[in-house]
Amino acid sequence: MKILFTKNIDPAIISKELGEDIPVDCIEVIKTQPIMVHPFDLKNHSLIFTSVNGVYSFFKNRFMPNEDFTAKNYNKIYCVGEKTKKALRKYGFGTFKVLKNAEVLSRFIIGNCQHEQFLHFCGNLAINVLDKDLPLQNIRYKKITIYNTEEINPLINEKYHAAVFFSPSGVRSFAKRNSLENMKLFSIGETTSGELKNYTQEKIFTSEENTLTSIFDLIRREVCIL
């Protein structure tokens, strides 16, 4: 069993999770670059983060939320995934609500947050669930692009028994020049799995959570390593 991870992961983590006898390669299929924007007043807005890169680029641009709930114009912070939540914690900020994916977040906002106005800090290739659904419900929403994602489209000649994907853009980048057939396909979350289905009829194994821990648990189960 030889496994391809479509992003760089610390070899020590891979060895700890999968053991040292499983051949693993890590190949980046996308790259990201922050976009520098002039920070502006966030007053009266709730903030949305759907990726770790969105969090890092937000603070690189020196935005600063007001998380004092006793203040009049504090910012509620909504995010997708535990990794995004942990990234916010590194900067000293908590989250008002953490949802599994953008679709679940959209439903939550539509059902519970009609009177809020939202700023979504994201990349240029962010899926359009929120900007498609929320305005239709008369919810004030604006997408702020603060990083660029570039699909590298590498040609990979090595043959792998399994491949692991972490984002829809990573799937598109890989699939442009490589086949997804005759491999076990592992996906971190439903959104990435949905993109994989556009390119293959192979069975897709989807992690329960959008975390490395969850994807490693799934890989161990399905390839019977441990």
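The values are calculated or read from the model by the stated rules, or taken from the named source; none is laboratory data. Values in this document were obtained by computation on a predicted structure and should not be read as measured data. Positions of Cβ are generated from backbone atoms using ideal geometry, with glycine treated the same way; all protein chains shown enter the neighbour counts.
Structure data summary
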item: Any hit, region 2-17, residues being of a type in the set (Ser, Thr, Tyr), over 22 Å from ILE156 (Cα atoms) and surrounded by 18 or more Cβ atoms within 10 Å (Cβ to Cβ); result: no
item: Some residue of region 181-200 being charged (D, E, K, R), in contact with a Leu (Cβ under 6 Å, 6 or more places away or on another chain) and more than 26 Å from PHE121 (Cβ to Cβ); result: no
item: Sole exception among (1) under 21 Å from TYR91 (Cβ atoms); (2) in contact with a Gly (Cβ under 7 Å, 6 or more places away or on another chain); (3) not charged (D, E, K, R) for ILE30, by number; result: (1)
item: Single residue of ARG172, ARG220 found to be at pLDDT 95 or above, out of contact with any Gly (no Cβ under 7 Å at 6 or more places or on another chain) and of a type in the set (D, E, K, R); result: ARG172
item: Test: residue in region 107-124 that is at pLDDT below 95, outside the structural domain of ALA175 (by TED's automatic domain parsing) and not in a loop (DSSP other than H, G, I, E, B); result: no
item: Residue within region 77-92 that is charged (D, E, K, R), under 26 Å from ALA162 (Cα atoms) and touching a Leu at 6+ places or on another chain (Cβ under 7 Å) present; result: no
item: In region 126-174, residue surrounded by the fewest Cβ atoms within 10 Å (Cβ to Cβ) [restricted to those that are among the aliphatic types (A, V, I, L, M) and under 16 Å from GLU103 (Cα atoms)]; result: LEU136
item: Set SER57, SER46, SER51, SER15: member being of a type in the set (Ser, Thr, Tyr), farther than 21 Å from GLU150 by Cβ and not assigned by TED's automatic domain parsing to the domain that holds VAL171; result: SER46
item: Among residues of region 54-83, those that are at pLDDT 95 or above and within 20 Å of SER207 (Cβ to Cβ), counted; result: 1
item: Counted residues, region 157-209 - those being charged (D, E, K, R), part of a loop (DSSP other than H, G, I, E, B) and in contact (Cβ under 8 Å) with a residue 24 or more places away in the chain; result: 5
item: Residue in region 68-89 that is in contact with a Lys or Arg (Cβ under 9 Å, 6 or more places away or on another chain), surrounded by 12 or more Cβ atoms within 10 Å (Cβ to Cβ) and at positive phi present; result: yes
